[in-house]
Amino acid sequence: MSTTDTGQEPNPTTPPPGTDETGTPTGTDQPGAEVPPWERDGEPFDSARAWNLIRNLRAEVAATRKAEPAASTATGDGSGDTAELARQVATLSTDLARERVARKHALPDDLLGLLGDGDEAALTTRAEALIAWRDKTTTDASTPPRRPAQKPRGGADPTATATETDPAKLAAAVAARRR
């Protein structure tokens, strides 16, 4: 058997440095091998420092959880505001139904408030009533009465009839006068 640099013979039951019990390299001496997270920065593991970090993180999480309910009720995101959110949803759905009915019946934006609240069927009924009222009032007031067209007259004499310009009719008239 050979001796080591220290002059001692190697113990066959003790694995060489950098290997585990089976003789496989542990990876700490090999470049590119995975290193435990506490040794990645080149610093040895300090259990007191790790325990202090864990306590600080737990305290921070507890403080955040205590502040979370207060912040959510202040911003309106808490569970106590479900009634308010339900009211907002109902208002927005009514507004959407009103817009749909107004676009369907071509009502101007000025008349949206006249439709009122309710479901889409009630809004459609009101929109149709508004359209009927608009059509009735606009046809009565906006169309002027028709004046009868005057019969065209010829020349300077208002009582004279228009002179004929068709040659065939003129020839027939001349022939009728000669007979």
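None of the figures in this text is laboratory data; all of them are computed from the coordinates on show. Quick caveat: nothing in here was measured; it's all calculated off a predicted structure. Here the Cβ is made from the backbone with ideal geometry for all residues, glycine too, and neighbour counts use every protein chain on show.
Considering the convex hull of the alpha carbon atoms of the range 80-140, report its projected area averaged over all viewing directions, in nm², one decimal. Please report the intermediate quantities before stating the final value.
Numbers: hull surface 16.7 nm².
Reported value for the Cα convex hull: 4.2 nm².
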When the dipole is taken about the Cα centre of the range 80-140, and only Lys, Arg (+1) and Asp, Glu (-1) are charged at their Cβ, what size is it in debye, to the nearest 20?
200 debye
Residue-ordered couplings for the range 55-65, obtained by feeding phi - 60° into the Karplus form 6.51 cos²θ - 1.76 cosθ + 1.60 and rounding to whole Hz (Gly and Pro as x), are 5, 5, 5, 5, 5, 5, 5, 5, 5, 5, 5
